[in-house]
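Written below as structure tokens is the structure these notes are about.
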Amino acid sequence: MSRSRHRTLIFSLAAAGAILAAIALALLLPVQNSSREIWFDDLTRPLIFTDKAAARLAHLAHNVFTRGQSLQSMLPPDVVQERDPRMLFLSAGGAKTRAITVLGSGRGFARALQDAIDRFQAKQTETDAVQWVLVDVVSQANAVRRVNPTQIMLVRQGLMGLATTREEAQAWRPSAFLLEPKRTDERLKQAAWSFQAASGFSDGEVEVPLYRGHRSFDGFSREDLIASATRAGAYLVQATHADGRFDYIYEPVEGIVPAKYNILRHAGTIFAMGELYAVMHDEALIGAVRRAISFLLEQMKPCGNDGKALCVVERREVKLGGNALAIVALTQYQEITGDRQYLPLMEKLARWILEQQHADGKFQPHKIFWPEESATGFVSDYYPGEALLALVRLYDLTKDAALIDAAERGARWLITVRDVEKSRAKINHDHWLLYAFGALYRHRPKQLYLDHAMKIAGAIVARQNRKPRYPDWLGSYYKPPRSTPTAIRSEGLAAAWQMAQDAGRAEQAKTILTAINRGVAFELQTQFDPEWAMFMHDPERAMGAFRESLTGFEIRIDYVQHNISALLQLARILGSNEKEK
């Protein structure tokens, strides 16, 4: 078949309907089938096939499984008559059970699709309700001649599949490697073939091209961002226990909840949930917030020079950031509900923070042991910014000048002492400090705070991945990138954007907003949509959460927290820009 004939085939598939069907991947196992007429050594010519066309096939396959349409009636004549060797993976599943994956092959797409359908139906049980279908069409296969670090990296990045010999008949779709990376080296040793694939997903309503197993976000609206944040909030609601404790970490591939905990991130998560409630006014969300606050209050113990302050204690440790984020969470709760019952507690938490501040504005120590209150020597880059934010937010409620005066002293020390000689390349990308500068600048708009905030924002923008090795790294930070480092920078940049706007720095604001948009587009790729949730232990439970990275699936409450805050901050900016128009 000529290259033009290939194109005709693809376009006719995308336009007319075909059924592809098949589903499901015994996720942690290879696809294994004996007596293969077609194997990867038969795929001698590259197939011109797009992710969009694969998404169309997934949609047609969905129709087969959910509407009972026949393959032959859906396929156009040229597809039925085509006889070139074809191979494709079909995965299908739903919210209640992990997807199954089968490998279909045959001479022509019609036979390969039918083969996949037959194999899936042989594995399907009555409980396998198909909601989601994903298709990987093998587009090019190459013999594996040697194992080297580049090959290993490609496999781990989820961009290349592997297969054994025809006799062994085992194959792993590209994204499957991300789910069990520890076995990558073992499989490379088994592999006789590597291959690339075009991938697409459908839930019966939308057709979604995929790259590295996830969808891309070339554009989004304010409403899209709020919808995404709402789905993330729903994850946090179901992760909040009756006693207010969160599932701090959830490993969705295996469905495991490790025993680790972090009360600072607990408090930060309450703050983000409060931000979301301010937009959505969802009763389930505020109920979870109240439970989480109750748990936070149980961790507060008397402390301080005269025992009249309060400290957030976890494993006998008291952290400056713990008290600070507790205040941030409780001030947010008071703002969204009008409930003032926690104001005396916040003032006691702030009392201990003020006791840690020296006359020059420096906060020290950052961490002590409780109840003896002996210093540990630990220093955090982020705790001072959290402390400043807490003091200004509490000042917003009480108008106690001592609080904002202390915040000013702390800000001056950070700018004129700690960071005074740091170049843009060395300065910390501190989102909490940018939040604090933004809050302080509203009350006391001094050039010192504005200039330093712009310095930090400039440092963040300069380090953003703008010409990345892989297209889905665009807008991120670090190599390889992760979800939360991008989200916290988006949060900080949003505060800096507001300062630039207020100061009339239109060009700086524009540059910052461009970076926020890029960052959020990257972040959205790490949210659990159905195309990845379907391969988890409990698909429904994972939905809406943000995972560690493009290639890592761990969910932690602070991953979700910071992404919610980043999405809402950008939604706020987009909303304000729309009003100005």
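Here, each number is a calculation from the coordinates, and none is a lab measurement. Just so we're clear, the structure is a prediction, and the values are computed from it rather than from any experiment. Methodologically, a virtual Cβ is constructed for each residue, glycine included, from the backbone with ideal geometry; neighbour enumeration extends over all protein chains shown.
Observations, loosely collected:
- Distance from segment 413-427 to segment 256-271 (C-alpha centre basis), Å: 31
- Computed packing ranks the peptides 488-496, 468-476, 200-208, 103-111 as 488-496, 103-111, 200-208, 468-476, most packed first, by mean other Cβ atoms within 10 Å.
- Taken one residue at a time, the phi angles of segment 293-307 give Karplus couplings (6.51, -1.76, 1.60, θ = phi - 60°) of 5, 4, 5, 4, 5, 5, 8, 8, 10, x, 6, x, 4, 10, x Hz. Gly and Pro are set to x.
- For the Cα trace of segment 149-191, dividing Rg by the Kirkwood Rh returns an Rg/Rh value of 0.94.
- Averaging Cα coordinates gives a centre for segment 118-196 and one for segment 510-538; these two points are 24 Å apart.
- Overall dimensions of segment 86-203 as given by Cα atoms, namely Rg and Dmax in Å: 14.6, 44
- Inverse of mean 1/r across different Cα pairs in segment 353-432, Kirkwood, Å: 13.5
- Nearest-ten-degree value, helix 447-463 long axis tilted from longest Cα axis of the chain: 20
- Members of 182/479; 308/367; 52/579 lying beyond 24 Å, as alpha-carbon distances in this model show: 52/579
- With 26 Å as the limit, the listed pairs 362/455; 422/446; 426/467; 348/426 have 348/426 beyond it between alpha carbons.
- Backbone geometry of segment 98-109 corresponds, through the Karplus equation with coefficients 6.51, -1.76 and 1.60 at θ = phi - 60°, to 3J(HN,Hα) couplings of 5, 5, 10, 10, 10, 10, x, 8, x, 8, x, 4 Hz, x marking Gly and Pro.
- Dipole of the chain, positive direction: furthest Cα of 476, 169, 140, with charges on the beta-carbon: 140
- For segment 324-329, 3J(HN,Hα) computed residue by residue from phi via the Karplus equation (6.51, -1.76, 1.60; θ = phi - 60°) reads 5, 6, 4, 5, 4, 5 Hz, glycine and proline entered as x.
- Summed over qualifying helices (DSSP H, 4 residues or more, each -39500 (n - 2.57)) and divided by its residue number, the chain shows a 222 nm mean residue ellipticity of -15500 deg cm²/dmol.
- Radius 15 Å from Cβ of residue 555, net charge of other residues (Lys, Arg +1; Asp, Glu -1): -3
- Whole-number D in µm²/s for segment 471-581 (Stokes-Einstein; Kirkwood sum over Cα pairs; 20 °C, 1.002 mPa s): 147
- Estimated D of the chain in µm² per second, where Rh is the Kirkwood radius over Cα pairs and Stokes-Einstein applies at 20 °C, 1.002 mPa s: 83
- Against the rule of thumb 2.2 N^0.38 Å, how large the Cα Rg of segment 235-299 comes out: 1.10
- Approximate shape of segment 269-365 as ellipsoid semi-axes (Cα gyration tensor, √5λ), whole Å, largest first: 26, 14, 12
- Cα-based reach from residue 96 at 19 Å (exclusive), listing lysines while leaving out same-chain residues under 8 positions away: 123
- 15 Å beta-carbon shell around residue 286, net charge (K/R +1, D/E -1): -3
- Computed over neighbours whose Cβ is under 13 Å from that of residue 334, the net charge equals -1, Lys and Arg +1, Asp and Glu -1.
- Coordinate range of the alpha-carbon atoms in segment 374-489 per principal axis, descending: 51, 37, 29 Å.
- Reduced Cα scattering model of segment 212-350, Debye log10 I(q)/I(0), q = 0.12, 0.18, 0.21 Å⁻¹: -0.54, -1.04, -1.27
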